[in-house]
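Contents: one structure, followed by commentary.
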Amino acid sequence: MSDAFNLIVDGKPVAATAGETVLQAARRAGIEIPTLCTDERLAPAGACRACLVEVNGQRRLQPSCAWQAAPGQEIKTHASSPRVKRHQDTLVSMYMADHKLDGEGLPAETPNGNDLRAWALKCETLALPRVEAPRVARPNDVNPYIKYSPELCILCGRCTRYCDEVEGVNAITLTNRGSRTTIGTAGMRGLLETSCELCGGCVDTCPTGAMIEKKAPALNRAAVNKVRTTCNYCGVGCQMDLNVEGGRLVKVTSPEPGTTHNDGNLCIKGRFAYDFVHHKERLTRPLVRGADGKLHEASWEHALKAAAEGLLAVKKRHGAANIGFISSSRCTGEENFLMGKLARAVFGINNVHQCAAT
Amino acid sequence: MLGAAAMTNSIPEIRDVDLMFVIGSNTTEAHPIIGMELKRARRRGAKLIVADPRRIWLADHADVFLQLRPGTDVWLVNAMAQCVVQAGLVDDRFIREHTEGWEALRAHLAKFDLAQAEKITGVPAGAIREAALLYARTRKAGIYYTLGITEHTHGTDNVFALANLVLMTGHLGLRSAGMNPLRGQNNVQGATDAGASPIYYSGYQPVLDAAVQEKFSKAWGAAMPATQGKNLNVMMHGIETGEMKAMYIMGEDILLSEPDANVLEDGLKKLEFLVCQDIFLNLTTRYANVVFPGAAFAEKEGVFTNTDRRVQRVRKAVEPPGEARADWQILCDFARACGYPMPRYGSPADIYDEMAALSPRFAGISHKRLDATPRGLQWPCTGPDHPGTEFLHKDGVAHGKGKFQVVDFRPSSELPDADYPLVLTTGRVLYHYNAATQTRRDAGTTAKVPENFVEVHPDDAARLGVKDGEHVRVVSRRGGVKAKLWLSGRVQKGCVWMPLHFAEEAANKLTVSAGDAITGTAEYKVCAVSLVPAKTAAK
């Protein structure tokens with residue numbers, strides 16, 4: 001490609017193409033640059049300053065997330081620049097000065113992880129005086145899905161930019177000024193009273209666990225097994241990860257942006273509406289209508305026999321032409337294939353259609 | 001008519017589209033993640049045309065919004081086509097090389113003039129023309145539509161009219177350009193793909209094709225039926241008339257989802273035998289002789305095929321509750337109970353292999369391959385090395401030539417009159433899913449939309465003396481349901497709108513069962529109703 005070129009990062013050539021940022025090229029080459037406010041779905045904001053690098057010829061450090069790569073450009077990351085390293089150590093310490101810390105003085109762990117903690121563990125942090133930022137949450141927000149904890153928020157704006165740039169809903173915004181800056185809504189209403197569609201994209205993109213799922217407030221991440229599957233609601237077929245702990249579905253998360261066709265996005269139904277799976281009203285045993293006209297629990301053997309005899313008797317009386325099989329657009333492809341096979345091979349009739357045909 | 005029952009493009013192609021024409025699709029509510037992509041495309045500079053009787057959320061993002069009267073789609077689209085002809089923007093070369101029947105259509109379109117179109121559709125002539133020219137002049141133009149187009153007695157005509165527009169401009173067979181029906185359910189594409197159809201075996205192999213019959217007969221060790229089967233609509237009418245004697249229903253609450261529910265309910269009582277297979281009890285199971293407890297998607301293995309023909313894996317994460325079983329196992333067990341030697345499949349991977357071996361369109365797909373392909377495989381995928389198919393009709397129209405269809409405007413089957421003066425359209429909200437057996441069991445979705453409602457234009461409400469938030473009865477010739485009144489600037493004067501999600505106040509007690517002549521699809525989008533304050537109705 002004619003627009004392919006090399007830049008030099010920490011003394012080594014790194015391939016890039018026109019229009020790429022230094023961060024994108026460096027990441028692809030496996031070079032580590034810390035970021036907090038970066039999400040590939042969003043326009044670069046350069047807000048968190050974690051990704052600053054030295055650019056040859058530039059007096060000030062520049063955000064690699066927004067800086068366009070150029071042929072032959074010399075870049076230094078913290079690996080080769082003491083100045084960048086010093087900047088990072090200071091910056092992470094400043095973030096920690098008003099962040100919720102654990103007993104060891106590190107940024108607190110959350111059910112969704114905390115990128116600030118992971119980064120702090122790699123830095124030589126300074127002991128800065130504690131700053132008590134008077135940031136407010138929305139204590140009266142009764143929405144059952146999304147919880148915001150301002151003491152974990154670094155104001156990177158990923159959630160608010162996601163809500164604007166990706167979801168196009170603009171329900172949340174950075175509000176107030178200075179140390180009071182927080183994630184707010186119009187009139188600080190609860191999310192149910194705003195344009196919020198409860199898609200949970202804010203939870204997904206939040207790097208520090210300031211936005212989390214209310215349904216899983218104390219999840220032990222180490223005990224969770226993730227199972228990749230396809231959403232069971234609409235026809236978009238979003239890929240999602242079922243988080244399972246102790247045999248129960250406890251949370252749904254979205255795959256990394258850029259890895260599946262839903263690009264890390266889910267809607268309210270896919271991300272949150274899974275309570276039906278373990279609902280107490282689920283059918284757990286076969287039911288057979290008794291002589292009293294009521295449905296009674298039965299063994300599989302009995303129910304299968306009753307059903308087979310029932311349908312075969314109708315076939316015997318009237319032929320198969322007036323027996324119908326309704327398959328389901330909600331079931332799997334294999335199950336629909338078997339329903340066709342059941343109608344055709346077992347009953348000798350093509351009266352099979354799926355529920356969504358009309 | 002393009003000859004393939006699927007989206008011609010893929011969802012990721014929306015990233016490169018230059019114009020989106022969304023008609024009869026409330027995308028941000030019914031297909032939220034595609035809606036999100038449309039909004040993202042609009043934000044980066046693609047043009048957006050929205051045509052809908054309702055001012056849907058997406059209309060707020062549109063460059064041109066065409067708020068047509070319900071059921072007048074053929075007039076709107078034909079008038080757009082006539083604008084394209086008059087502006088000299090037809091693609092003569094594409095028409096010559098890839099289509100048939102152009103002259104007849106061209107002559108026919110002459111009667112769809114703009115002034116008349118404005119009168120019938122209610123859309124200003126200038127907006128129709130603007131939309132037509134925008135569409136015709138943009139090469140990478142995608143049409144996105146769904147049930148607002150198909151759920152009419154003239155649904156097929158609507159689709160034909162759109163296909164005409166696509167063919168005459170040649171906006172096909174190109175990345176991001178084409179015609180895209182957005183499918184509603186997670187596996188509605190996959191269900192028909194797999195042969196849950198009265199006219200096709202898996203992979204769209206006709207049931208009347210003798211060679212196909214023989215192939216399946218040999219594979220399954222049984223004689224295959226020689227005639228086509230009854231489609232869903234015919235079966236539903238057959239239940240109502242007593243012609244159908246027994247039904248096996250998996251994963252659908254037909255009483256909630258099918259039109260004209262009262263009559264259907266009487267019919268269900270007459271069935272000699274009914275087997276239901278589901279994860280919850282529902283309205284239909286009240287009439288079942290046997291109910292089998294099935295498994296939810298998180299409890300079984302398999303595949304779903306999404307709206308862009310993408311086959312993707314479904315994986316088991318948790319066990320089904322109690323003695324509930326995966327639905328594929330139940331079907332196998334039932335077939336064996338009937339005396340048929342169903343093979344002992346080790347897992348759905350084996351079932352898929354059986355289908356793939358019998359279906360050339362899916363021959364290259366297997367669970368093993370899907371497990372190594374995080375983005376899934378899009379059919380056609382005809383062999384193990386075939387990469388799948390991102391968009392259709394790359395080399396012209398897939399099945400011979402694209403046929404122009406002459407379509408005339410036919411009014412909907414039931415129009416408003418003095419007794420039932422309002423047009424009711426039914427639809428979906430973001431927060432619930434179809435019969436809502438799943439979403440109404442979740443706190444947040446229920447908090448957003450807790451009960452049935454009806455959107456009413458303020459002028460109509462004022463005339464009837466009903467207020468926002470008041471409960472009203474919505475009554476048609478077939479029944480009545482209760483709903484909370486939402487004063488709404490989204491609906492037109494003379495139109496009301498109601499979601500279909502609420503079993504206790506099922507909108508389908510109101511709808512007409514009249515169906516499209518070709519597909520049988522019922523006219524869920526237009527019927528005549530009246531509104532009565534709930535207090536009056538109770539007397």
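Note on segment B:398-529: Kirkwood hydrodynamic radius from all Cα pairs is 16.2 Å, rounded to one decimal. Take segment B:90-129 with all the other protein chains still there, run a 1.4 Å probe, and you get 55 Å² of accessible area per residue. Of all DSSP beta bridges confined to the protein assembly as shown, the antiparallel ones make up roughly 55%. Chains A and B together bury some 10700 Å² of accessible area, summed over both sides, with a 1.4 Å probe. Taking 0.36 nm per residue of separation and subtracting the Cα-Cα distance, full extension of the segment from B:Lys111 to B:Ile518 would add 144.0 nm. Between the C-alpha center of segment B:44-70 and that of segment B:277-302 there is a gap of 39 Å. Which shape class, rounded, prolate or oblate, goes with segment A:223-282 when its Cα gyration tensor gives a ≥ b ≥ c as root eigenvalues, a/c under 1.5 marks rounded, and past that a/b bigger than b/c marks prolate? Since a/c reaches 1.5 but b/c is at least a/b, the shape of segment A:223-282 is classed as oblate.
Mean partner shielding of peptide B:307-314, defined as the number of other chain Cβ atoms within 10 Å of each residue Cβ, is 5. In the context of the full protein assembly, B:Leu377 retains an accessible surface of approximately 10 Å², using a probe radius of 1.4 Å and ignoring ligands and nucleic acids.
Taken over the protein assembly as shown, the percentage of Cα pairs per 10 Å bin, counting from 0 up to the bin with the maximum distance, is 2, 11, 20, 24, 21, 13, 7, 2, 0, 0.
The phi torsions of segment B:195-204, fed into the Karplus equation with coefficients 6.51, -1.76 and 1.60 and a -60° offset, translate into couplings of x, 7, 8, x, 10, 10, 6, 4, x, 6 Hz, rounded to whole numbers, with Gly and Pro shown as x. Taking θ as phi - 60° and the Karplus parameters 6.51, -1.76 and 1.60, the scalar couplings of segment A:180-189 work out to 8, 4, 8, 8, x, 10, 4, x, 6, 6 Hz in sequence order, x denoting glycine and proline. Plugging the Kirkwood radius over Cα pairs into Stokes-Einstein for segment B:11-182, at a temperature of 4 °C and a viscosity of 1.567 mPa s, what D comes out in µm²/s? Value of D from the Cα-based Kirkwood radius: 82 µm²/s. For the residue pairs B:Lys119/B:Lys140; A:Lys226/B:Lys39; A:Lys280/B:Lys482; A:Lys316/B:Lys300; A:Lys251/B:Lys300; A:Lys341/B:Lys403, the alpha carbons lie more than 25 Å apart in B:Lys119/B:Lys140; A:Lys226/B:Lys39; A:Lys280/B:Lys482; A:Lys316/B:Lys300; A:Lys341/B:Lys403. Accessible area per residue for segment B:385-539, computed on protein heavy atoms with a 1.4 Å probe, is 41 Å².
In this structure the amide hydrogen of A:Ile146, modeled in the peptide plane, comes within under 5 Å of the amide hydrogens of A:Lys214, none closer than 5 places in sequence on its chain.
The value for segment A:217-320 of Rg(Cα) / (2.2 N^0.38 Å) is 1.62. Restricting attention to chain B, close to 40% of DSSP beta bridges with both partner residues there are antiparallel.
Taking max minus min of the alpha-carbon positions on each principal axis, segment B:190-323 gives extents of 41, 41, 31 Å, largest first.
In segment A:262-358 the Cα-Cα distances spread across 5 Å bins starting at 0 as 2, 10, 12, 15, 19, 18, 10, 7, 5, 2, 1 percent of all pairs. Computed over chain B, the percent of Cα pairs more than 30 Å apart is 53.
Across peptide A:257-264, the mean count of Cβ atoms from other chains lying within 10 Å of each residue's own Cβ comes to 5. Comparing Cα centroids, segment A:105-162 and segment B:320-343 end up 50 angstrom apart.
With θ taken as phi - 60° and the Karplus curve 6.51 cos²θ - 1.76 cosθ + 1.60 applied, the whole-hertz 3J(HN,Hα) list for segment A:157-162 is x, 4, 5, 6, 6, 4 Hz, x standing for glycine and proline. Take the alpha carbon gyration tensor of segment B:152-249, find the square roots of its eigenvalues, order them as a ≥ b ≥ c, and report rounded if a/c is under 1.5; if not, report prolate when a/b exceeds b/c, else oblate. The shape class here is oblate. Near the amide H of A:Thr21, within less than 5 Å, lie the amide hydrogens of A:Ala69, all on another chain or at least 5 residues away, with H placed in the peptide plane.
Segment A:42-74 and segment B:372-430 have Cα centres separated by 46 Å.
If you take all other residues with their beta carbon under 12 Å from the beta carbon of B:Asp308, and give Lys and Arg +1 and Asp and Glu -1, the sum is +1. The C-alpha atoms of chain A occupy a region whose extents along the principal axes are 92, 55, 36 Å, arranged from largest to smallest. In the frame of its principal axes, segment A:4-120 has Cα extents of 48, 30, 21 Å, reported largest first. With both partners inside segment B:422-538, how many of the DSSP beta bridges are antiparallel, as a percent to the nearest 5? So the antiparallel bridges in segment B:422-538 amount to around 65 percent.
For segment B:275-423, the share of alpha carbon pairs falling in successive 10 Å distance bins from zero is 9, 25, 24, 19, 18, 5, 0 percent. Computed packing ranks the peptides B:222-228, B:258-264 as B:258-264, B:222-228, most packed first, by mean other Cβ atoms within 10 Å.
Just how many % of Cα pairs in segment B:261-335 lie over 17 Å apart, if you round to the nearest whole percent? Of all Cα-Cα pairs in segment B:261-335, 57 percent lie more than 17 Å apart. When the trypsin sites (Lys or Arg not before Pro) in segment B:46-134 are filtered for DSSP coil states and for at most 15 other beta-carbon atoms within 10 Å of their beta-carbon, the remaining sites are B:Lys111.
For the segment B:211-217, counting C-beta atoms of other chains within 10 Å of every residue's C-beta and taking the mean gives 1.
The values are calculated or read from the model by the stated rules, or taken from the named source; none is laboratory data. Please read these numbers as outputs of a predicted model, since none were measured by experiment. A quick note on method: Cβ atoms are made from the backbone with ideal geometry, for glycine too, and the neighbour counts reach across all protein chains shown. These area figures cover heavy atoms from the full protein model, side chains too; ligands, DNA and RNA do not enter into them. Shrake-Rupley method; radii C 1.70, N 1.55, O 1.52, S 1.80 Å.
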